[in-house]
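In what follows, a single structure is set out as C-alpha coordinates and then discussed.
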Amino acid sequence: MRSLRATRVVWLPLAALALVATPAPAQDYPKLRAGQWDIVVDRSRTGNGPPTMRNTMCTDEAVQRDMIASGMGVSREICTRHDFRREGARYIGVAECNLGESAMTSRSVMTLSGDTAYTIDVVASFNPPFMGMKESRTVISGKYTGPCRGGLVPGDILGPNGQKANIRNLGTAAAAPRVPAPASTPTAPAKKVTP
(Lines give C-alpha, C1' and ligand atoms only; values in the text may rest on other atoms or scores of the structure.)
Protein backbone atom coordinates (compact mmCIF):
# COMPACT_ATOMS: atom_id res chain seq x y z
CA MET A 1 0.00 0.00 0.00
CA ARG A 2 2.82 2.37 0.88
CA SER A 3 4.50 1.95 -2.51
CA LEU A 4 1.21 2.63 -4.34
CA ARG A 5 0.74 5.82 -2.33
CA ALA A 6 4.34 6.86 -3.01
CA THR A 7 3.89 6.10 -6.71
CA ARG A 8 0.75 8.25 -6.85
CA VAL A 9 2.74 11.11 -5.30
CA VAL A 10 5.25 10.74 -8.12
CA TRP A 11 2.61 10.47 -10.85
CA LEU A 12 0.14 13.16 -9.79
CA PRO A 13 2.35 16.16 -10.60
CA LEU A 14 3.05 14.62 -13.98
CA ALA A 15 -0.68 14.57 -14.63
CA ALA A 16 -0.49 18.35 -14.77
CA LEU A 17 1.28 17.92 -18.10
CA ALA A 18 -1.77 16.09 -19.38
CA LEU A 19 -4.28 18.45 -17.78
CA VAL A 20 -2.66 21.55 -19.28
CA ALA A 21 -3.46 20.25 -22.76
CA THR A 22 -6.66 18.43 -21.87
CA PRO A 23 -9.15 20.31 -24.05
CA ALA A 24 -6.75 20.66 -26.97
CA PRO A 25 -7.70 18.96 -30.19
CA ALA A 26 -5.66 15.78 -30.71
CA GLN A 27 -3.43 17.42 -33.31
CA ASP A 28 -2.77 20.42 -31.05
CA TYR A 29 -1.56 18.81 -27.82
CA PRO A 30 2.05 19.49 -26.85
CA LYS A 31 4.18 16.83 -28.51
CA LEU A 32 7.37 15.92 -26.69
CA ARG A 33 10.30 13.96 -28.08
CA ALA A 34 10.10 10.23 -27.33
CA GLY A 35 12.72 9.09 -24.85
CA GLN A 36 13.89 9.74 -21.32
CA TRP A 37 12.98 12.92 -19.46
CA ASP A 38 14.20 14.40 -16.20
CA ILE A 39 11.31 16.12 -14.45
CA VAL A 40 11.61 18.49 -11.49
CA VAL A 41 8.49 19.39 -9.50
CA ASP A 42 9.05 22.51 -7.38
CA ARG A 43 6.53 23.41 -4.70
CA SER A 44 8.92 25.57 -2.67
CA ARG A 45 6.80 28.67 -3.16
CA THR A 46 3.79 26.94 -1.57
CA GLY A 47 5.32 25.73 1.67
CA ASN A 48 3.38 22.43 1.57
CA GLY A 49 4.83 19.05 0.81
CA PRO A 50 8.38 18.36 -0.31
CA PRO A 51 9.78 21.54 -1.86
CA THR A 52 11.45 19.79 -4.79
CA MET A 53 10.89 16.35 -6.23
CA ARG A 54 12.93 14.85 -9.07
CA ASN A 55 11.59 12.09 -11.33
CA THR A 56 12.71 10.34 -14.48
CA MET A 57 10.17 9.30 -17.08
CA CYS A 58 10.36 7.32 -20.30
CA THR A 59 7.76 8.44 -22.83
CA ASP A 60 6.68 7.99 -26.42
CA GLU A 61 3.80 9.29 -28.52
CA ALA A 62 1.40 6.55 -27.30
CA VAL A 63 2.14 7.36 -23.63
CA GLN A 64 1.58 11.06 -24.31
CA ARG A 65 -1.80 10.29 -25.93
CA ASP A 66 -2.73 8.10 -22.94
CA MET A 67 -1.83 10.92 -20.53
CA ILE A 68 -3.92 13.39 -22.51
CA ALA A 69 -6.86 10.98 -22.58
CA SER A 70 -6.52 10.37 -18.84
CA GLY A 71 -6.37 14.11 -18.17
CA MET A 72 -9.48 14.63 -20.30
CA GLY A 73 -11.33 11.97 -18.29
CA VAL A 74 -10.37 13.53 -14.96
CA SER A 75 -11.27 17.00 -16.23
CA ARG A 76 -14.73 15.84 -17.33
CA GLU A 77 -15.35 14.26 -13.94
CA ILE A 78 -14.25 17.06 -11.62
CA CYS A 79 -14.11 20.32 -13.60
CA THR A 80 -16.97 22.63 -14.47
CA ARG A 81 -14.79 24.92 -16.60
CA HIS A 82 -11.58 24.40 -18.53
CA ASP A 83 -10.64 27.16 -20.94
CA PHE A 84 -7.60 26.55 -23.06
CA ARG A 85 -5.68 28.36 -25.73
CA ARG A 86 -2.38 28.10 -27.51
CA GLU A 87 -0.16 31.12 -28.09
CA GLY A 88 2.85 30.04 -30.11
CA ALA A 89 4.99 27.89 -27.82
CA ARG A 90 2.72 28.50 -24.80
CA TYR A 91 -0.38 26.59 -23.74
CA ILE A 92 -2.56 28.52 -21.28
CA GLY A 93 -5.34 26.94 -19.27
CA VAL A 94 -7.85 28.19 -16.70
CA ALA A 95 -9.85 25.59 -14.81
CA GLU A 96 -12.52 25.47 -12.14
CA CYS A 97 -12.73 22.06 -10.50
CA ASN A 98 -14.21 20.43 -7.42
CA LEU A 99 -11.85 18.55 -5.13
CA GLY A 100 -14.12 17.03 -2.52
CA GLU A 101 -15.74 19.93 -0.69
CA SER A 102 -13.22 22.44 -2.05
CA ALA A 103 -13.63 24.52 -5.20
CA MET A 104 -10.31 24.96 -7.00
CA THR A 105 -9.54 27.67 -9.53
CA SER A 106 -6.25 27.26 -11.37
CA ARG A 107 -4.25 28.94 -14.08
CA SER A 108 -1.54 27.00 -15.86
CA VAL A 109 1.00 28.08 -18.43
CA MET A 110 3.08 25.50 -20.25
CA THR A 111 6.01 26.91 -22.20
CA LEU A 112 7.74 24.63 -24.69
CA SER A 113 11.33 24.84 -25.86
CA GLY A 114 10.90 22.85 -29.06
CA ASP A 115 10.14 19.23 -28.24
CA THR A 116 13.04 18.80 -25.77
CA ALA A 117 12.11 20.96 -22.78
CA TYR A 118 9.10 22.49 -21.08
CA THR A 119 8.08 24.42 -18.00
CA ILE A 120 4.60 24.34 -16.50
CA ASP A 121 3.63 26.99 -13.96
CA VAL A 122 0.39 26.18 -12.10
CA VAL A 123 -1.17 28.60 -9.63
CA ALA A 124 -4.29 27.44 -7.79
CA SER A 125 -6.61 28.73 -5.08
CA PHE A 126 -8.95 26.59 -2.96
CA ASN A 127 -12.20 27.57 -1.24
CA PRO A 128 -12.52 26.27 1.41
CA PRO A 129 -8.85 25.32 1.86
CA PHE A 130 -7.91 21.90 0.46
CA MET A 131 -5.76 19.82 2.82
CA GLY A 132 -4.92 23.04 4.68
CA MET A 133 -3.97 24.98 1.52
CA LYS A 134 -5.69 28.19 0.44
CA GLU A 135 -3.28 28.67 -2.46
CA SER A 136 -0.56 26.69 -4.18
CA ARG A 137 2.04 27.19 -6.83
CA THR A 138 3.81 24.35 -8.58
CA VAL A 139 6.46 24.67 -11.26
CA ILE A 140 7.20 21.53 -13.27
CA SER A 141 10.26 21.50 -15.53
CA GLY A 142 11.01 18.73 -17.98
CA LYS A 143 14.14 18.15 -20.04
CA TYR A 144 14.79 15.48 -22.65
CA THR A 145 18.00 13.55 -21.84
CA GLY A 146 18.18 11.03 -24.70
CA PRO A 147 16.81 7.56 -25.45
CA CYS A 148 15.26 5.58 -22.59
CA ARG A 149 17.91 3.67 -20.67
CA GLY A 150 18.45 1.87 -17.39
CA GLY A 151 15.73 -0.66 -18.21
CA LEU A 152 13.00 1.98 -18.50
CA VAL A 153 10.26 1.42 -21.06
CA PRO A 154 7.63 3.92 -22.29
CA GLY A 155 5.33 4.85 -19.42
CA ASP A 156 7.87 4.08 -16.68
CA ILE A 157 8.43 6.67 -13.98
CA LEU A 158 11.37 6.46 -11.61
CA GLY A 159 10.57 8.42 -8.46
CA PRO A 160 12.84 10.36 -6.14
CA ASN A 161 13.34 7.39 -3.82
CA GLY A 162 13.98 4.92 -6.61
CA GLN A 163 10.41 3.59 -6.76
CA LYS A 164 9.45 2.58 -10.28
CA ALA A 165 5.97 2.34 -11.76
CA ASN A 166 4.37 2.47 -15.17
CA ILE A 167 1.59 5.04 -15.56
CA ARG A 168 -0.47 2.56 -17.57
CA ASN A 169 -0.54 0.23 -14.55
CA LEU A 170 -1.40 3.08 -12.18
CA GLY A 171 -4.62 3.73 -14.08
CA THR A 172 -5.53 0.05 -13.81
CA ALA A 173 -4.77 -0.07 -10.09
CA ALA A 174 -6.69 3.14 -9.45
CA ALA A 175 -9.68 1.94 -11.48
CA ALA A 176 -9.83 -1.53 -9.95
CA PRO A 177 -13.11 -2.06 -8.13
CA ARG A 178 -12.83 -2.17 -4.38
CA VAL A 179 -14.54 -5.09 -2.76
CA PRO A 180 -15.64 -4.44 0.82
CA ALA A 181 -14.06 -6.68 3.41
CA PRO A 182 -16.39 -9.20 4.97
CA ALA A 183 -17.91 -8.13 8.25
CA SER A 184 -15.92 -9.42 11.16
CA THR A 185 -18.76 -9.29 13.65
CA PRO A 186 -18.75 -12.44 15.71
CA THR A 187 -21.98 -14.37 15.61
CA ALA A 188 -23.44 -15.89 18.74
CA PRO A 189 -24.18 -19.58 18.66
CA ALA A 190 -27.80 -20.31 17.84
CA LYS A 191 -29.97 -20.93 20.87
CA LYS A 192 -31.82 -24.18 20.99
CA VAL A 193 -35.52 -23.61 21.18
CA THR A 194 -37.53 -26.22 23.04
CA PRO A 195 -41.24 -26.53 22.46
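Multiply the residue separation of ASN127 and ASN169 by 0.36 nm, subtract the distance between their alpha-carbon atoms, and state the gained length in nm to one decimal.
Working: separation 42, 0.36 × 42 = 15.12 nm, distance 3.26 nm.
My answer for the length gained is 11.9 nm.
Using a 1.4 Å probe and ignoring any ligands, DNA or RNA, find the accessible area of ASP38 and quote it in Å² to the nearest 10.
Counting only protein heavy atoms, ASP38 exposes about 70 Å² to solvent.
Give me the aspartates and glutamates in straight-line cross-link reach of LYS31: C-alpha distance below 14 Å, same-chain residues under 8 apart excluded.
Excluding near neighbours in sequence, the set is ASP60, GLU61, ASP66, ASP115.
Which sequence of LEU170, LEU158 reflects their accessible areas, 1.4 Å probe, from the largest down? Before the final figure, lay out the partial values.
Numbers: LEU170 20, LEU158 60 Å².
Result of the area sort, largest leading: LEU158, LEU170.
In nm, what is the difference between 0.36 nm times the number of residues separating GLU77 and ALA89 and their Cα-Cα distance?
Numbers: separation 12, 0.36 × 12 = 4.32 nm, distance 2.81 nm.
Length difference between fully extended and current span is 1.5 nm.
For the full complex of protein chains and a 1.4 angstrom probe, list ASP42, ASP83 by accessible area with the highest value first. Don't jump to the answer; show the numbers that get you there.
On the way: ASP42 35, ASP83 75 Å².
Greatest to least solvent exposure: ASP83, ASP42.
Given a 1.4 Å probe and the protein chains all in place, what does the accessible area of MET67 round to, in Å² to the nearest 10?
Roughly 10 Å² of MET67 is accessible to a 1.4 Å probe.
As a test of reading the structure, rank THR111, THR59 by solvent-accessible area (1.4 Å probe, protein chains only), most first. Write down the numbers at each step before the final one.
Details: THR111 60, THR59 10 Å².
Sorted descending by solvent-accessible area, the residues read THR111, THR59.
The values are calculated or read from the model by the stated rules, or taken from the named source; none is laboratory data. Predicted model, so just to flag it, every value in this text is computed and none were measured. All accessible areas refer to the heavy atoms of the entire protein, side chains included, with ligands and DNA or RNA removed. Shrake-Rupley method; radii C 1.70, N 1.55, O 1.52, S 1.80 Å.
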